1. Please report, ordered by residue number, the helices (runs of 4 or more DSSP H) entirely within segment 152-221 with at least 2 residues that are of a type outside the set (G, A, S) and farther than 30 Å from S138 by Cα.
2. Output the residues belonging to segment 230-277 that are of a type in the set (A, V, I, L, M), more than 27 Å from S215 (Cα to Cα) and either exposed (fewer than 13 other Cβ atoms within 10 Å of the Cβ) or at pLDDT 90 or above (or both).
3. Suppose we keep only residues that are of a type outside the set (G, A, S) and part of a helix (DSSP H, G or I) within segment 114-128. Which one would you say is surrounded by the fewest Cβ atoms within 10 Å (Cβ to Cβ)?
4. Of all residues in segment 34-68 being small (G, A, S) and in contact with a helix residue (DSSP H, G or I) (Cβ under 7 Å, 6 or more places away or on another chain), which is surrounded by the fewest Cβ atoms within 10 Å (Cβ to Cβ)?
5. For segment 243-255, state whether one or more residues are outside any helix (DSSP H, G or I), among the aromatic types (F, W, Y) and either closer than 17 Å to S57 by Cβ or in contact (Cβ under 8 Å) with a residue 60 or more places away in the chain (or both).
6. Count, please, the residues in segment 188-216 that happen to be within 15 Å of the chain's Cα centre (by Cα), over 30 Å from I117 (Cβ atoms) and touching a residue at least 40 places away in the same chain (Cβ under 8 Å).
7. Wholly within segment 41-106, which helices (runs of 4 or more DSSP H) include no fewer than the required count, namely at least 2 residues that are more than 30 Å from G245 (Cα to Cα)?
8. Do the conditions hold for V137, that is, is it surrounded by 18 or more Cβ atoms within 10 Å (Cβ to Cβ) and either modelled with pLDDT under 90 or part of a helix (DSSP H, G or I) (or both)?
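The values are calculated or read from the model by the stated rules, or taken from the named source; none is laboratory data. What you are looking at is a predicted structure, and each value in this text was computed from that prediction instead of being measured. All Cβ positions, glycine included, derive from the backbone under ideal geometry; neighbour counts span all protein chains shown.
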Amino acid sequence: MFFSRTLLKRHSVLPGFDLALGFTLLYLGFIVLIPLSAAFLKTFTMTWPAFWDAVTSPRVLASYRLTFGASVAAALLNAFFGLIVAWVLVRYEFPAKRVIDALVDLPFALPTAVAGIALTALYAQNGWIGSHLPFKVSFTPIGVFVALTFIGLPFVVRTLQPVLEDLHKEIEEAAATLGASRLQTFTKVIFPIITPALLTGFALAFARALGEYGSVIFIAGNMPLVSEITPLLIITKLEQYDYTGATAIAVVMLVSAFLLLLAINGLQAWTRARQGR
């Protein structure tokens, strides 16, 4: 046993644990912790009444409601349709499958400003799609929802695809042999297996939508108290040289997003533990 452990350490491709952990913490410190700490330190220069006034003004609260509400709604819609898209791409063969599979990654590669301009042109009242809709999309909160849905879909699809590929059809056949219907097979057999991946895709889509800026500002209209998102409000305050006010709003967004993602990760861990039992 001692010889095997010594041989494993001697021929390990990766560096030792201490060295690897040191590089990991150093990298995360420079890339993540130090910039985020700077935002907190800048906010600490404010008094509590000034901080509270900066983050609870009616304009800021309206931007919170729109940003978080549209992000959650877009992530939920992407979780539903992303599951369908991933299922079709994994389980079925059809013409132009590779083309459609590549189109899923288009929001990754497309510059966000280009996406925003394209969506605005399509959903404007005189656009190809907007002219046929009974309600207005561009320059409304609905436009924000559309843009956030567009940029969040690939996260759900790409998270679910590997899990569905590893899910053998024999499991479904065994459930059918035992008398389960298609609905029972999906709800009792398939869905519990893919739930952690689905929650991960939802969390990624939500986090991506929460900080989206480029594709939203063109289609939102950016009207205060109506269609103004929080990232735009932060940029506006920076342009007005209100750095403490901008960092205060950024800190609220950061803490809120972290708590929501922590709750989702806890739900994932609970789901995995339940499946293990």
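1. On the way: elements: 169-177, 182-185, 191-210, 214-220.
Hits in segment 152-221: 169-177, 182-185, 191-210.
2. Filtering segment 230-277 down to residues of a type in the set (A, V, I, L, M) leaves 232-235, 238, 246, 248-255, 257, 259-264, 267, 269, 273.
With the extra rule that they be more than 27 Å from S215 (Cα to Cα), the set shrinks to 263, 267, 269, 273.
Within segment 230-277, A263, A269, A273 qualify.
3. Taking segment 114-128 as the starting set, the residues that turn out to be of a type outside the set (G, A, S) are 114, 117, 119-120, 122-123, 125-126, 128.
Next, from what is left, pick out any that are part of a helix (DSSP H, G or I): 114, 117, 119-120, 122-123.
Values: V114: 12, I117: 15, L119: 25, T120: 23, L122: 16, Y123: 23.
Restricting to residues being of a type outside the set (G, A, S) and part of a helix (DSSP H, G or I), the top hit is V114.
4. As a first pass, look at segment 34-68 and keep what is small (G, A, S): 37-39, 50, 54, 57, 62-63.
So of that shortlist, the ones also in contact with a helix residue (DSSP H, G or I) (Cβ under 7 Å, 6 or more places away or on another chain) come out as 39, 54, 63.
Working: A39: 16, A54: 20, S63: 24.
So, considering only residues that are small (G, A, S) and in contact with a helix residue (DSSP H, G or I) (Cβ under 7 Å, 6 or more places away or on another chain), the one surrounded by the fewest Cβ atoms within 10 Å (Cβ to Cβ) is A39.
5. To start, the set of residues in segment 243-255 that are outside any helix (DSSP H, G or I) comprises none.
The answer is no; no qualifying residue exists.
6. Final tally of qualifying residues: 4.
7. On the way: elements: 48-55, 58-91, 97-104.
Output list reads 58-91, 97-104.
8. Details: surrounded by 18 or more Cβ atoms within 10 Å (Cβ to Cβ): yes; either modelled with pLDDT under 90 or part of a helix (DSSP H, G or I) (or both): no.
Here the answer is no, as V137 does not meet what is asked.
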